[in-house]
Amino acid sequence: MFDFKYYTPTKVIFGRKTEDQVADLIKEFGGTKVLIHYGGGSVVRSGLLDRVKNTLDQAGIAYVELGGAVPNPHLGLVYEGIELCRKENVDFLLAVGGGSAIDSAKAIGYGLANEGDVWDFYDYKRQVKGAVPLGVILTIAATGSEMSDSSVITKEDGLVKRGYSSDYGRPKFAIMNPELTMTLPDYQTACGCTDIMMHTMERYFTNGGNMEITDALAEGLLRTVKKNAVILRDDPKNYDARAEVMWAGSLAHNGLTGCGNDGGDWMTHKLEHELGGLYDVAHGAGLAAIWGSWARYVYKNCLPRFKKFALNVMDVKDEGTDEEIALKGIEAMEDFYRSIKMPTNLRELGINAADEDLVTMAHKCAVGVGGEMGSAKVLNEQAMLDIFRMSM
Ligand code: NZQ
Ligand code: ZN
């Protein structure tokens, strides 16, 4: 077991109509002039944006707004947001939407509070020294960005998708009303469930340190999301299932399921970020398309964890060799992905990549992680390429 730091300063307001409390929360955290930042328009269509603006109007809180954060959010809009906020003297950021709007807002907050080019942080050249405070109204359970220290931005030039983590990026508050997720397309709900599970699995498949309590929380979370993803497939308006998945999304990425381990593997994410950068796929679907190939490539180096996962999460029978049990667990996970209409390889994801694209992605991925990375198995550039090839 490793020593650990657990820091989750985000105030969570969970349940029906909780978005009505947004003005009080902004005041509580000292906001006087707000940037409302959102995505491609789902919050306009659902009426949520108007309701939020009415609430701020009634509370006498001034605001400006900036929409347009796309899935795999772009650096260009971050620059635009920084400029707008400087001009308007914004002192509080409110992201209304999913991981893309939240991550874009985090980057705007870094750019406002720090000198120089904000991309430097995503290019691992410097560390942030502060951020403008951020609040969130979440509309999709997926990334956990509402409580996480991470933000993932894509630089249009070269299609470089990079994540940056800092405790300054953790939101001050997160408003989570499961009802707000009921307008999601089924595909996005399934992508979200996949991402949530993967955030816990990245921390679970390690060769470094474990805690019984962390494993129990992780396995419980995985079983809960697996079960409720299927409920939502058949009954998308099920409030309780929406709530289970939404809270799981935050717990999966606020650090709770990593306490005591070595920080996790994270290579499925790193490989997916290349897919997201190059092909602009939905993050959760990209993860599902890569995971099985990654798992088959690494499982022998992390056999006890793959066996435990098979038995405790995927309900595989304790029969046969450890390797057989581990492989049945991987197969069961892929069956689960298929059951919620997630892809299990790149072709099912809709990508017919030329080999040279796979070579490019493996190279960019290796550069992005500083050569090699992984805990279940350390992967170098050749290993990354092997996995991309396996996933075709
Ligand atoms: O843009 P709008 O119009 O809002 O539509 C979005 C988007 O098309 C739609 N949507 C969201 N809530 C909705 C809704 N549609 C109808 N009703 C609602 N209630 O869903 C689509 C996906 O939204 P997006 O915000 O892109 O999804 P997600 O939350 O999955 O975020 C994905 C981004 O986060 C990054 C991913 O790489 C990707 O760039 N990640 C961020 C992490 C973090 N900050 O901690 C960790 C993750 O591992 C991940 O890498
Ligand atoms: Zn993720």
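The values are calculated or read from the model by the stated rules, or taken from the named source; none is laboratory data. Quantities reported herein were computed from a predicted structural model and do not represent experimental measurements. Please note: Cβ atoms are built from the backbone with ideal geometry, for glycine as well, and neighbour counts cover all protein chains shown.
Just need a number here: residues in the range 30-44 that are surrounded by fewer than 16 Cβ atoms within 10 Å (Cβ to Cβ) and over 24 Å from the mean Cα position of the chain (by Cα).
Residues in the range 30-44 being surrounded by fewer than 16 Cβ atoms within 10 Å (Cβ to Cβ) and over 24 Å from the mean Cα position of the chain (by Cα): 3 in total.
Out of the residues in the range 109-131 that are in contact with a helix residue (DSSP H, G or I) (Cβ under 8 Å, 6 or more places away or on another chain) and basic (Lys, Arg), state the one that is farthest from ligand 2 (Cβ to nearest atom).
Result: 129.
Just checking, does the range 303-314 include any residue being under 17 Å from residue 377 (Cα atoms), among the aromatic types (Phe, Trp, Tyr), assigned by TED's automatic domain parsing to the domain that holds residue 364 and more than 14 Å from ligand 1 (Cβ to nearest atom)?
So far as the range 303-314 goes, yes, one or more of its residues are under 17 Å from residue 377 (Cα atoms), among the aromatic types (Phe, Trp, Tyr), assigned by TED's automatic domain parsing to the domain that holds residue 364 and more than 14 Å from ligand 1 (Cβ to nearest atom).
Which of the residues belonging to the range 163-183 are surrounded by 19 or more Cβ atoms within 10 Å (Cβ to Cβ) and within 11 Å of ligand 1 (Cβ to nearest atom)?
Across the range 163-183, the qualifying residues are 164, 169, 170, 171, 177, 178, 180, 181.
Among the residues of the range 255-276, is there at least one that is among the hydrophobic types (A, V, I, L, M, F, W, C), in a helix (DSSP H, G or I) and closer than 18 Å to residue 141 by Cβ?
yes
Find the residue count for the range 320-356, including only residues that are more than 20 Å from residue 227 (Cβ to Cβ) and either free of Cβ contacts under 8 Å to residues at least 24 places away in the same chain or surrounded by fewer than 16 Cβ atoms within 10 Å (Cβ to Cβ) (or both).
Of the residues in the range 320-356, 12 are more than 20 Å from residue 227 (Cβ to Cβ) and either free of Cβ contacts under 8 Å to residues at least 24 places away in the same chain or surrounded by fewer than 16 Cβ atoms within 10 Å (Cβ to Cβ) (or both).
Of everything in the range 51-66 that's within 12 Å of residue 34 (Cα to Cα) and not charged (D, E, K, R), which residue is farthest from the chain's Cα centre (by Cα)?
Here the answer is 60.
Hey, residue 195 hits all of (1) closer than 24 Å to residue 114 by Cα; (2) within 12 Å of ligand 2 (Cβ to nearest atom) but one; which does it fall short on?
Of (1) closer than 24 Å to residue 114 by Cα; (2) within 12 Å of ligand 2 (Cβ to nearest atom), only one is false for residue 195: (1).
Quick test of your reading of the structure: residue 292 fulfils all but one of (1) part of a helix (DSSP H, G or I); (2) within 14 Å of ligand 2 (Cβ to nearest atom). Name the failing condition by number.
Failed condition: (2).
Might you let me know whether the range 88-108 holds any residue that is within 16 Å of ligand 2 (Cβ to nearest atom), in a helix (DSSP H, G or I) and surrounded by fewer than 24 Cβ atoms within 10 Å (Cβ to Cβ)?
no
Test each condition in (1) outside the structural domain of residue 261 (by TED's automatic domain parsing); (2) aliphatic (A, V, I, L, M); (3) free of Cβ contacts under 8 Å to residues at least 40 places away in the same chain for residue 160 and report the one that comes out false.
It fails just one condition, (3).
Got a sec? Which of 218, 229, 252, 190 is modelled with pLDDT of 95 or more, within 13 Å of ligand 2 (Cβ to nearest atom), in the same structural domain as residue 363 (by TED's automatic domain parsing) and closer than 21 Å to residue 314 by Cβ?
252
Out of the residues in the range 132-146 meeting the condition of being crowded, with 24+ Cβ neighbours inside 10 Å and more than 9 Å from ligand 1 (Cβ to nearest atom), tell me which one is farthest from residue 245 (Cα to Cα).
Residue satisfying both the conditions and the ranking: 134.
With touching a Lys or Arg at 6+ places or on another chain (Cβ under 6 Å) and within 13 Å of ligand 1 (Cβ to nearest atom) as the only criterion, which of 149, 91 stands out?
On inspection, the qualifying residue turns out to be 149.
With the condition kept exactly as written, say whether any residue in the range 53-69 is more than 16 Å from ligand 1 (Cβ to nearest atom), of a type in the set (Phe, Trp, Tyr), closer than 22 Å to residue 280 by Cα and buried (at least 16 other Cβ atoms within 10 Å of the Cβ).
There is no residue in the range 53-69 that is more than 16 Å from ligand 1 (Cβ to nearest atom), of a type in the set (Phe, Trp, Tyr), closer than 22 Å to residue 280 by Cα and buried (at least 16 other Cβ atoms within 10 Å of the Cβ).
Would you confirm, using the coordinates I've provided, whether residue 47 is within 16 Å of ligand 1 (Cβ to nearest atom), on the phi > 0 side of the Ramachandran plot and among the small types (Gly, Ala, Ser)?
Criteria met by residue 47.
Of the numbered conditions (1) more than 10 Å from ligand 1 (Cβ to nearest atom); (2) touching a residue at least 60 places away in the same chain (Cβ under 8 Å); (3) of a type in the set (A, V, I, L, M, F, W, C); (4) surrounded by 21 or more Cβ atoms within 10 Å (Cβ to Cβ), residue 287 satisfies every one except a single condition; which is it?
(1)
Only residues that are over 17 Å from residue 191 (Cβ atoms) and away from ligand 2 (no atom under 14 Å from the Cβ): list them for the range 132-152, please.
132, 133, 134, 135, 136, 137
Hey, among 180, 184, 159, which residue is on the phi > 0 side of the Ramachandran plot and of a type in the set (A, V, I, L, M, F, W, C)?
159
If residue 276 meets every condition in (1) in contact with a helix residue (DSSP H, G or I) (Cβ under 7 Å, 6 or more places away or on another chain); (2) away from ligand 1 (no atom under 16 Å from the Cβ); (3) modelled with pLDDT under 95 apart from one, which number is that one?
Every listed condition holds for residue 276 apart from (2).
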